[in-house]
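Have a look at the structure below, then the notes.
Rule-based calculations on the coordinates, nothing more; no lab input. Small disclaimer: the values here were computed from a predicted structure and weren't measured. Note that each Cβ is placed from the backbone with ideal geometry, even for glycine, and that neighbours are counted across all protein chains shown.
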Amino acid sequence: MNFNEMKERILMCEDCKGKFGFKPVPIFHGNERSKIMQISQAPSNNVHITKKPFNDLTGAKLKYKWYQITDDVFYNEDNFYVTALSHCFPGKNAKGGDNPPPSACARKWLSREFELVDNKLFVIIGAKAAKFLFPKENFEELVFKNNQINNKPAIVLPHPSPLNIKWFKDHPIFEEKRLPEIREIIWSVL
């Protein structure tokens, strides 16, 4: 399978058709030459509606505050390949957050994406994505160190969601010290 075949298959995937109570819409962005592969939990409802990854409050914080880049840089397919454990929005839960991503999606597609995208850096967003990719490691430790996936550098970010306030209050050193290091790594790859 080549990249274009994989892309077509992801876009046509209906594995979760009866799970969510609505028609799943696979969302991802990038090409086989994207410099950075960014892997998060799942698209938000707003992303599901607009079909544009990180087109929500989480994305605004990530792109403009943390990365300090423009939409032109972020949505340039040569720069970012944006994917997730679940390519589709998994619906809302009773607490107001999103349902967890179905792990079957990640098991089906991520290894293929790893094979077919020739990225230079991985950016892992959120504890759920980190736990899937680094199942035996402590999330906080992953955030504060440089990691590797397939012999390529990998950085782990806490989820920039507005609902993740407690994590940032408990770890003020992230924005003070670690975030500037992460930003430098991203800029150097771009």
> What are the residues whose amide H is under 5 Å from the amide H of residue 154, where those residues sit 5 or more places off or on another chain and H is modelled from the backbone?
Replying inline: 122, 147, 148, 149
> Roughly speaking, what is the centre-to-centre gap between region 47-103 and region 113-190 when only Cα atoms are used, to the nearest Å?
Replying inline: 15
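What does the charge count near residue 24 come to, summing +1 for each Lys or Arg and -1 for each Asp or Glu among other residues with Cβ under 11 Å from its Cβ?
Summing Lys/Arg as +1 and Asp/Glu as -1 gives +1.
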> HN-Hα J couplings of region 134-145 from phi, Karplus 6.51/-1.76/1.60, θ = phi - 60°, integer Hz, Gly and Pro as x?
Replying inline: 10, x, 9, 9, 7, 4, 4, 5, 4, 5, 9, 9
> region 140-178: which GluC sites (Glu not before Pro) are DSSP loop and have at most 16 other beta-carbon atoms within 10 angstrom?
Replying inline: none
> What's log10 of I(q)/I(0) for the chain at q = 0.14 Å⁻¹, Debye sum over Cα points only, no solvent?
Replying inline: -0.76
> Which percent of Cα pairs goes in each bin when the distances of region 88-171 are cut into 5 angstrom slices starting at zero?
Replying inline: 3, 12, 21, 23, 21, 13, 6, 1
> Under 20 Å from a point 7 Å along the Cα-to-Cβ line of residue 103: which residues of region 1-23 have their amide N that close?
Replying inline: 15-17, 19-20
> Could you give the nm distance between label points at residue 77 and residue 64, where each point is 7 Å from its Cα heading toward the beta carbon?
Replying inline: 2.7
> Pick from 36, 124, 69: which is most flexible by mean-square fluctuation in a GNM of the chain where alpha carbon atoms under 10 Å apart are linked?
Replying inline: 69
> Cross-link partners among lysines for residue 95, C-alpha distance below 26 Å, same-chain residues fewer than 8 apart left out?
Replying inline: 17, 19, 23, 51, 52, 61, 128, 131, 166, 169
